[in-house]
Structure formats: C-alpha cells, structure tokens
Amino acid sequence: MNAEQRQQDIVDAVSHEGRVAVADLAARYGVTVETIRRDLTALDRAGAVRKVHGGAVPATVLALPETAVAERELLGATAKQAIAAAAVGALGLRPGATILLDAGTTVGCLARLLPEGLGLTVVTDSVLTAALLAGRSDLTVRMLGGQVRGITQAAVGPEALDALATLRVSVAVMGTNGLTAEHGLSTPDPDEAAVKRAMVRAARRVVALADATKIGQEHLVSFADIDDVDLLVTDAALPTPLAAQLADTGTEVLIA
C-alpha cells in the first residue's frame, strides 16, 4: 500500500471509527509512528481529518455551530429522553437532597422526571427548567441570577458565579456540547463555560449527560476534565481511547 492509498484508508477509518490512534494505525499498516504522524499532518493540512494529540478525529468535529435551545430540544429527542430516564434512576437522590441542573436540553429532559415527594432543592441556571419546576409544591427551586443568554436561556456572569461559589450540593447534572479524552467536557461560550465549571466545583458528585453526537466533539472552552465526572450517561458505545481514559479515572459509564 502506497502513501496515497494509506492516507485514503486512514480518512475512511476516521469516518467510521470517529477517532484513530497513531500507534494503532502504525500497527495496522506495518509502518512507523513517524510515518503515520506525517500522514496525519498531510491530511490535516488538506482538511480531510483533524489531527489531535495521539491520533486524529473527523475534520468536522471542531466546527459544529452552537444552536438555539428550541432547535436542540428537537434534535435526538428519543436519545435524550432515554439518557434522562437512565440517569434519573442512577442519581441516588435521598429526601432533602440538593441538586444542580445546568441548561442542557438533555438535563431539561431529566428535570421532567425528577421523583416526587423527596423535598428536593433544585438550583439551576436555566430559565426554562426553573419555569418548568416552579409549580411543583414538593420542590424548592432556586434560580441563579445574571445575564440570560438568548441562545441557551442560561444565566451567566458574575451574579451566577458569586452564588455558586457559596454552594455545596449533593449532585450536579451537567450537559455538554462536546466530550473527548483530551479536552474533557466543552462548550462554545466562555461565560457559560465559567458557570458550568463553578457548578462542577460546587457538587459532591458530578453526573454528565451526553448523547452520541457529542462524543468526539471539541468546542472552544473546556469546563471539566474527564476525572471530574463521577458518572457519564450516554446512548452509544464509546471510542476506545475515551473508554480507556474513563476507566483509568474511575468514571462510571451507563449506556441508556
């Protein structure tokens, strides 16, 4: 197999597998890791793949735009509902527990499934989630203050960060725009990332919800490392490098 054929095969592998590792490719084609690195550099320059530490991912993985919450609620609704149903049973909520819910649409699905009669205190940065839960007499709902981002309906800014700095909650349930072993959990907006990061710091336990479309994506700002997550709930098998990283950090993975 010449270099051109090998590089085309690598592009096909990235497309089908989502992520490929340099060492695995070297073994697959019987060449050195230096040769594979040169292949990936050439493919990256051509825009065929995106070269990352230790391997490559699809070229589109870093370029998906942020969409409005109303649109995201319709995308992958079945998967999000399955993830939410699996996650709510795994939260282990006890009477009087305090829970942080961020503004992700999958987290919004979970909010609709919160069990009744536990006297939970729910803190959220999501205008939509706060409005959804405010009418429930068995919950205490606290809305973080700050500027509301129109695209996600999430409160951001100093007011939200100051409030979170004083909190300690049982569990934080986090959505994410992207999840990789190297970049962790990420989102496009720095202000929203800051609030998400503060939520993770405020929680004794962190549960992340991510459907298959988020796996392998890397957005501008990382708000949590892989080892910050105690439980990841998703709807598909994970790429080998990510699964290995999660196993190393002791993060539990639940497939819905």
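Looking at the range 98-168, what % of its DSSP beta bridges pair antiparallel, to the nearest 5?
Values: 4 of 12 bridges.
Within the range 98-168, antiparallel bridges account for around 35 percent of the total.
Run the accessible area of the chain with a 1.4 Å probe and give the carbon-and-sulfur part as a rounded percent. Walk me through the numbers before you get to the answer.
Details: 6040 of 11690 Å².
Of all accessible area on the chain, carbon and sulfur atoms account for 52 percent.
Can you compute the FRET efficiency between V148 and R168 using 1/(1 + (r/R0)^6), with r the Cβ-Cβ distance and R0 = 30 Å? Round to the nearest 0.05. Present the calculation step by step, with values, prior to reporting the outcome.
On the way: r = 25 Å, r/R0 = 0.83.
Once the sixth-power term is evaluated, E becomes 0.75.
Output the relative contact order of the chain, whole-number percent, from Cα pairs under 8 angstrom with separation of 6+ residues. Could you put the intermediate results ahead of the total?
Values: 497 pairs, mean separation 39.6, N = 256.
In percent, rounded to a whole number, it is 15.
If you roll a 1.4 Å probe over the heavy atoms of the protein chains, what accessible area per residue do you get for the range 69-255, in Å²?
Heavy-atom accessible area per residue stands at 42 Å².
Let's test the formula: R0 of 22 Å, r as the Cβ-Cβ distance of A247 and R204. What FRET efficiency results, to the nearest 0.05? Each step should come with its number before you reach the end.
Values: r = 22 Å, r/R0 = 1.00.
With R0 = 22 Å, the Cβ-Cβ based efficiency is 0.50.
Rounded to the nearest 500 deg cm²/dmol, what is the calculated helix-only ellipticity per residue at 222 nm for the chain, with -39500 (n - 2.57) per DSSP H run of length n ≥ 4?
On the way: 10 runs with 101 residues, N = 256.
Calculated at 222 nm, the ellipticity per residue is -11500 deg cm²/dmol.
May I ask what percent, to the nearest 5, of DSSP beta bridges between residues of the chain are antiparallel?
Details: 16 of 41 bridges.
Roughly 40 percent of the DSSP beta bridges within the chain come out antiparallel.
Springs between alpha-carbon atoms under 10 Å, Gaussian network over the chain: tell me which of G55, G216, G117 tops the mean-square fluctuations.
Residue with maximal mean-square fluctuation among G55, G216, G117: G117.
For the range 3-58, rounded, prolate or oblate, judged on the Cα gyration tensor with a ≥ b ≥ c (square roots of eigenvalues), a/c < 1.5 rounded, else prolate if a/b > b/c?
Note, shape of the range 3-58 comes out rounded.
For the range 3-58, with every protein chain kept in place, what is the accessible area per residue (1.4 Å probe, Å²)?
55
If you line up the long axis of helix 77-90 against the longest principal axis of the chain, both from Cα atoms, how many degrees apart are they, to the nearest 10?
Helix 77-90 and the main axis of the chain meet at about 60 degrees.
Applying the Karplus parametrisation 6.51 cos²θ - 1.76 cosθ + 1.60 with θ = phi - 60° to the phi angles of the range 154-163, what ³J(HN,Hα) value in whole Hz is obtained for each residue in order, glycine and proline being reported as x?
Ordered by residue, 3J(HN,Hα) equals 10, 7, 9, x, x, 4, 5, 5, 5, 5 Hz.
If M1, M199 are ordered by their accessible area, calculated over protein heavy atoms with a 1.4 Å probe, which sequence runs from highest to lowest? Please list the in-between numbers first.
Working: M1 140, M199 0 Å².
Largest accessible area first, the list is M1, M199.
Computed over the Cα atoms of the range 69-255, what is the convex hull's projected area averaged over all directions, in nm²? Walk me through the numbers before you get to the answer.
Working: hull surface 36.9 nm².
With the hull built on Cα positions only, its mean projection is 9.2 nm².
Considering amide H positions built from the backbone, and no H for Pro or chain starts, which residues 5 or more places from A203, or on another chain, come under 5 Å of its amide H?
V169
The values are calculated or read from the model by the stated rules, or taken from the named source; none is laboratory data. As the structure is a prediction and not an experimental result, all values here were calculated from the model. FYI the Cβ positions are ideal-geometry reconstructions off the backbone, even for glycines, and counts take in every protein chain you see. In case anyone asks, the SASA skips ligands and DNA or RNA and just uses the protein heavy atoms, side chains included. Shrake-Rupley method; radii C 1.70, N 1.55, O 1.52, S 1.80 Å.
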